[in-house]
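Okay, structure first, notes after.
The values are calculated or read from the model by the stated rules, or taken from the named source; none is laboratory data. Being a predicted model, the structure only gives us computed values, none of them experimental. Positions of Cβ are generated from backbone atoms using ideal geometry, with glycine treated the same way; all protein chains shown enter the neighbour counts.
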Amino acid sequence: MHRVTLVAAAAAAAGVVAAAPARSAVQCPWMNLAATPAQRAAQLLAAMTTSDKLALFTGVDPHAALGVADGPLYVGYVPGNPALCIPALTLNDGPAGVADLQIGTTSFPAPIAQAATWDPALQRTLGRTLGLEAWNKGIDVLLGPDVNIARVPENGRNFEAFGEDPYLSGQTAAAEIQGIQENPVIATVKHFAVNSQETNRYYVSSNVDDRTLHEIYLPPFETAVRQGGVGAVMCAYGLVNGTFDCQNPALLTTVLRGQFGFRGLVMSDWGATWSTVQSANAGLDLEMPGGRFFGSALADAVSAGAVSMQTVDGMALDILTSMFRLGLFDHPPPALESVSSTDVSTAADQQVALRAAEEGTVLLRNEGGVLPLRPAPGSTIALIGAPAGFGDLRAYTSGGGSAFVASATPVAPLGAITARAARAGATVVSADGSDPAAAAALARTASVAVVFAYDQEHEGVDRTTLALPNGQDQLIEQVAAANPHTIVVLDTGGPVLMPWLDQVDGVVEAWYPGERDGDAIAAVLFGDVDPSGKLPQTFPVSDASVPAASTNQWPGSDAAQDASFSEALDVGYRWYDANHVAPLFPFGFGLSYTRFSYSRLRIARDRSRYSVSFTLRNTGSLPGADVPQLYVDDPRAAGEPPKQLEGYERVFLRPGRSTRVTFVLDGRSFAYWDTPTATWRIEPGLYRILVGASSRDIRLRGFVRR
């Protein structure tokens, strides 16, 4: 649906009226829709005083500005200028739903779960839904998505991003951004450019070589800009190679605006601005939350000539052009008093959340076909563990910090599974797991035991181990000893250790599944939907068998506050492949209730592009989806990792049906970053083309010569 139609329909459904621009197009000629966004921004800039321009660059306290003592409000606010028809910027977090103090919004699955769907079409739908809820809450700048690469699985914000691979992260983000910005809402890709840990996050220097930076950490941002058309970029806390990100001209100007061609708004993370002159001249446009460096201090710097009017004009144009391009001038959101307590989560929105939770669920183990559950009439299913439905369920459906979304009524697995089991004539018994002996005794009486386990990721603090907290490993082991048909459901924000893996029949990774938690896991466990998610991140065998295993790599040396990215290009599955280390579960892995075959690989060249096609067939007895993945293995002389993801597609097939799947590879698919020339280059030689069901399950092999 077109942006204007979508917004008008939403406003009518919600019973709210959007605020009209302060003046007509006659009084504000830049309100003429016939002109381009760049033309409109330039025309408005010409009518602005220096004070008008400087007011765009500083966030203020929204409570004070709007005269609201407390209650639901935005995390950031830049006042409008009614005399010039400039609307306010209302900023709010939103990686997994409209967050912070907002109420009445949908709690979607965590971004790591979104990435596990490997489904760009669904991700665009999720983004469109998320953006519309934001707009209906009076928000026109959404602070997401987060595309920081999962270098360190212990990262407290691991759940908030899309995993360890630049290509998967970029494609997932671009789809979400496109969806968000179908509304008059600016999406914000973050945290530019390297933000891989929470330990010492304000001051740690990520010391990374230029080639690794361009091949691993920058590509998702480039895809967000070039393919997603993102309207805003948030620079990160911390430093890259000794320079704070938000005053780093090499990143904000040379790379972001020069190499990527970004022409939008650059804002700081909250409190990530450390200077006035350096930040403005480096390419920062908006200080958040504002007041310390870009208020009167910036005005003084302009008066003194330390920051030129040319720079000030460029900053204003960055902000205004994004606002015009994405419809903020022409379709301002409803006023705060109309929406602060309004429930904007519709049944359709919750259905999107449910579908994302279902598609993102990953089946990791299924010994003896223990799943899907087919309980006999009169049988008993034991549900054990806090996330099953004991205590505050919201603690297990969403990660902590700024991305936390407080869904009002999350669906508990206990209730949903009990209802689903009753349809088969089975009974559910339950225990919270606080007494492992009692839980084991309960499990012994059941036909099958399902243990719900969790971790607790939270912004601001890294995990010290990937082991499950609070004695849950011992709980699982005791239950498994009591019942040979034990299934573990994981509500986690990333990889966890599984010392009990060989003792259980089934393992399901449900991540932080959002408010439709119970409905999604019940559908998966009983086979109403096929668990077709794939891992966006490698699961290691131990805390030590990870790419950044030394303290110099993570959390960094105490004295210098430096983190050495000495693993270089070998991040995630690249490191496991290069070092011949077997993971617990590999990147791209995920089982299904059916089976798929791959055959008839064909590679055709069309000038500088290659078409890679093959036949995918559902050879099992149930309908389901698979995600074929294409990896490229460069010639040794290129110095690249053994294989790298360059294509994927989610494909649903009914039993016995087949389809041709085609991937297209362009020059960038074969290129490496040449630091001396600051360009992408292709090393002449033989490139292996690998197609499979995961990074460690290659089914078809071919090659091209470049």
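Points to keep in mind about this one:
- Annotation: residue 300 fulfils all but one of (1) touching a residue at least 60 places away in the same chain (Cβ under 8 Å); (2) over 24 Å from residue 646 (Cβ atoms); (3) out of contact with any helix residue (DSSP H, G or I) (no Cβ under 9 Å at 6 or more places or on another chain); (4) assigned to a helix (DSSP H, G or I); the unmet one is (1).
- Tallying residues that are surrounded by fewer than 22 Cβ atoms within 10 Å (Cβ to Cβ) and either assigned to a loop (DSSP other than H, G, I, E, B) or of a type in the set (D, E, K, R) (or both) within the range 421-454 yields 9.
- Residue 411 outside the structural domain of residue 117 (by TED's automatic domain parsing) and farther than 30 Å from residue 144 by Cβ: no
- Set 488, 448, 429: member being touching a Lys or Arg at 6+ places or on another chain (Cβ under 9 Å) and among the hydrophobic types (A, V, I, L, M, F, W, C): 488
- Taken over the range 521-547, the criterion of being within 19 Å of residue 621 (Cβ to Cβ) and either of a type outside the set (A, V, I, L, M) or assigned to a loop (DSSP other than H, G, I, E, B) (or both) is satisfied by 526, 527, 528, 529, 530, 531, 532.
- Members of the range 560-601 found to be within 25 Å of residue 213 (Cα to Cα) and of a type in the set (A, V, I, L, M), listed by number: 560, 563, 568, 569, 571, 578, 581
- The lone exception for residue 27 - which of (1) closer than 18 Å to residue 141 by Cβ; (2) at pLDDT below 95 it fails: (1)
- Leading residue by the ranking (farthest from the chain's Cα centre (by Cα)) among those in the range 118-149 that are among the polar types (S, T, N, Q) and within 20 Å of residue 650 (Cα to Cα): 125
- Qualifying residue in the range 245-262 (condition: over 11 Å from residue 189 (Cβ atoms), in the same structural domain as residue 284 (by TED's automatic domain parsing) and part of a strand (DSSP E or B)): no
For (1) within 23 Å of the chain's Cα centre (by Cα); (2) assigned to a strand (DSSP E or B); (3) assigned by TED's automatic domain parsing to the domain that holds residue 497, each residue gets a yes or a no:
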residue	(1), (2), (3)
575	yes, no, no
587	yes, no, no
617	no, yes, no
631	yes, yes, no
637	no, no, no
669	yes, no, no
673	no, yes, no
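- Qualifying residue in the range 279-288 (condition: surrounded by 24 or more Cβ atoms within 10 Å (Cβ to Cβ) and assigned to a strand (DSSP E or B)): yes
- Summed over the range 148-191, residues that are among the hydrophobic types (A, V, I, L, M, F, W, C) and under 19 Å from residue 263 (Cβ atoms) total 8.
- Close pairs (9 angstrom Cβ cut-off, 6 or more residues apart or separate chains): closer than 13 Å to residue 299 by Cβ in the range 49-71, aromatic (Phe, Trp, Tyr) and surrounded by 11 or more Cβ atoms within 10 Å (Cβ to Cβ) anywhere: 54/294; 57/294; 58/293; 58/294
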